[in-house]
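So the structure is just underneath, and the comments pick up after that.
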Amino acid sequence: MRISVVIRYIGIILLVLAAFMLMSAGIAYVSNVDSSYYPLVMSSLLTLLLGCFPLIFVPSSDSISTKEGYCIVVGSWLVASVVGMFPYLMWGGEFTVINAWFESVSGFTTTGASILNNIEALPRGLLFWRMATCWIGGVGVVMFALIILPSIGRSKRMLSSVELSSLAKDNFNYRTQTIVRIILITYFLVTAVTTIGLKLAGMCWFDALCHAMSACSTCGFSTKNTSIAFFNSGLIEFVLIVAMCIAGLHFGLIYATVTGKHNNVFRSEVSRVYFTIIGVSSVLIAISLWLSDIYPTLWLSLRSALFHTVSLFTTTGFATVDCNTWTSFAILILIFCSIVCGCAGSTSGGLKVDRFLVAAKMIRTRLRAQRHPDAIFRTKIDGVVQDEDMMGVVMVYIVAYMLLILIGTFLNTLFGADLMTGFSAAVSCVSNVGPGFGEIGTMSNYSLMPIVTKFNLTLLMLLGRLEIFGLIQLFFIRWWR
Amino acid sequence: MKGIRKRVTIGFLSIVILLFFSGLVSLFELNNMSGDIDAILGSSRRSIAVSEGLLDAIHAHDRAVLRYAVLRDSLYADSCNSCYDELVEKVRLAREESSASAVTLFDSLDMLAQSMQNVVAKLQASRVVEYVPPVQVDSLAPPAPSVFDGWNWYNKNYLPEYNALSDGVLRVMTSSQSSLSPRAELLSRNAYRAVTPVFISLVVMIAILLMFYYFVMIYIAKPIVDMNKSLGDSLKYKIPFVVKSECRDEMAELKERIEAVVNNKPIRS
């Protein structure tokens, strides 16, 4: 494996980050040169230098191996998270080293979990950088580099195949170049339309842009301490529900729907299951809330239930109320939503509806096979017979995912968290949701967690984002030989 | 300048620039911090001087009143008034130097000083201090008017006013000191900011140095070592000259030329 090539590509990704830091510094400059201007300019210069250095020595490479591709992708996420700490650390305030690391990882992995007690105390430049980290992370750090830098050439195929899971590629029947372009166009358009929608709904331009970036990357960072509850507007909630729903769908399907292609959102079995889960969960939660007299009317119950179901199901994490006050039944449904999450090929994290569907169909096939031992049954999705190996991989992933949640819960409770907080923190971080229940509810944050727990949770976020095996592989010495 | 020399020079220059940059940042931040410390110390010194002046003026007034009322030295009647004027002037000066948030404290200080002076003015107006009762020769004569008890007047009328005014000055003093604490907090944040960019620059520099070492090793040192070994082997054992390590720029040219000499291959133009 050529380490120099890996360093070169990570350097290119750092250049993209430096550009975003400079953009945030621009925001700080136009906001009367706020206190984040200097840290952002400094950070961008350092990142630029760090990114440029490998380009001096290492020549561009036309082909890269799978191992190199893995190292570039995983290395990029790790290095981006480290470099993303620079503006936070230089600005100071609530950002200690572990807090800056937590916020940076949470941003890039689009988890949206925060350690900040007073978000509104942050200057605009830093708020924008916070949103930029999640916006870059939403589409994938490496994908962003692939989108912006056409010079990568033939290596694009390898890098995109490592960054995008095999499930995510299923709905793209195009060349790599086109896939990358589709993702770019869809992501930009959805963000732009959401920004305009939020502005028309009553937000100022800055808040509209920040919340649109956060919603489209399914991150859940807000510029306000009380998240979306601050705005207290049904129209804003409606715009965000639509934006989050779109961001949780496969980008290829959105593109196909907009361009009038045959395999669109309405025909896809996965997207039908996606919308069914949202609808059924929302109605069940609303009825539960209404019957428990938490809300006076069914309409209010439905409004809150729909917003939070979409928010947690798409792994965004925006909030309008404190869900800790809801019924246990509602909380259980929300935890289920936090585990299953959006579709593959979207910006959301979690297990993905695609895998959930495959697992459900495999269970059905197994039950049918028990009734008719001699019959041959095949598992189909959208009329396509699923490969046995692929289904095996899906089941292994689900088991690994559950195991990771179990280990996370164990570690969280070991370091002092109660069962609900520990479990929901593990689910929330592995699925990149953000808020959980208990001490880390929708209106709370992770600031009170011990340092060790904060670090463990960042590892869970990275493992969840890199779909577990990507990161774990790097720790096996045999893999490097 | 091109090839290896260019790359090594650019690499070296970027390290120098980073070093210069981190030095510049630390100098700039330390300069800022020094300015902040000077400002805080100056402000603290000024506030102590102002409070000291106020307390001195109150004590001078107190001494004059003691001499006038207790020791019944009527010459000090004017001194009481001049000390009061001096106190009022000092309060005015202190008000000018203080922040807007301390205005209410100075208003109350003005009122307390005025109240204290009113007590003294009332005493002066009664002229009981100047009154000396006649010496009684005949014991059967009617009793003379009661003698003015200065000490009693001082304790009952003046001392509470004096204490209230002293407390007022103390409040001004503590408020100006407590107004420094946010600035001191800012200073600690600035100290953190002064150290962090330099620390981060150092971390980046270490990363760049490690990369520089690694690239020099694999693109310069390793090809030279490999070429030397392969050339030695081919001269000694007459085996073909083969270098597996990646060669760039002049290294690639050198490798090609040695290959041409040893393996009798034509040199590419």
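Derivation of every value follows stated rules applied to the coordinates shown; laboratory data play no part. If you're wondering where the values come from, they're calculated on a predicted model, not measured in any experiment. Methodologically, a virtual Cβ is constructed for each residue, glycine included, from the backbone with ideal geometry; neighbour enumeration extends over all protein chains shown.
Quick notes on this structure:
- With a simple spin-label model that places each label point 7 Å from the Cα along the Cα-to-Cβ direction, the separation between A:Val30 and A:Thr325 comes to 3.8 nm.
- Remark: A:Thr458, A:Thr347, A:Thr327 ranked as A:Thr327, A:Thr458, A:Thr347, counting other beta-carbon atoms within 10 Å and listing the fewest first.
- Relative contact order computed over region A:1-163 (Cα-Cα under 8 Å; 6+ residues apart), in percent: 31 percent
- Dimensionless Rg ratio for region A:208-321, taking C-alpha atoms and the 2.2 N^0.38 Å reference: 1.12
- Radius, Kirkwood style, for the protein assembly as shown when every pair of distinct Cα atoms is counted (Å): 31.3 Å
- Qualifying aspartates and glutamates (Cα of each under 15 Å from Cα of A:Lys380; at least 8 residues distant if same chain): A:Asp170, A:Glu269, A:Asp354, A:Glu388, A:Asp389
- For A:Ala360, net neighbour charge (Lys/Arg +1, Asp/Glu -1) across residues whose Cβ lies under 12 Å away: +2
- Among the trypsin sites (Lys or Arg not before Pro) within region B:73-111, not one is in coil by DSSP while having at most 15 neighbouring Cβ atoms inside 10 Å.
- Translational D in µm²/s for region A:359-481 (Stokes-Einstein at 25 °C, 0.890 mPa s, Kirkwood Rh from C-alpha pairs): 146 µm²/s
- Residues whose amide H comes within less than 5 Å of that of A:Ile381, counting only those at least five positions distant or on another chain, are A:Gln386 (H built at 1.01 Å from N in the peptide plane).
- Normalised alpha carbon radius of gyration of region B:216-262 [divisor 2.2 N^0.38 Å]: 1.06
- Computed over region A:1-163, the alpha-carbon pair-distance distribution with 5 angstrom bins reads 1, 10, 19, 22, 18, 13, 9, 5, 2, 0, each value a whole percent.
- From largest to smallest, the equivalent ellipsoid semi-axes obtained for region A:281-361 from the alpha-carbon gyration tensor read 25, 13, 10 Å.
- Over region A:23-88, the alpha carbon radius of gyration divided by the compact-protein estimate 2.2 N^0.38 Å works out to 1.44.
- ³J(HN,Hα) computed for each position of region A:122-138 - Karplus, 6.51 cos²θ - 1.76 cosθ + 1.60, integer Hz, glycine/proline x: 6, x, 4, x, 6, 4, 5, 5, 4, 6, 5, 4, 6, 5, 5, x, x
- The alpha-carbon atoms of region A:206-245, seen along their principal axes, cover 20, 18, 15 angstrom, with the largest extent given first.
- A crude spin-label estimate for the pair B:Lys238 and B:Leu209, with each label 7 Å from Cα along the Cβ direction, gives 5.1 nm.
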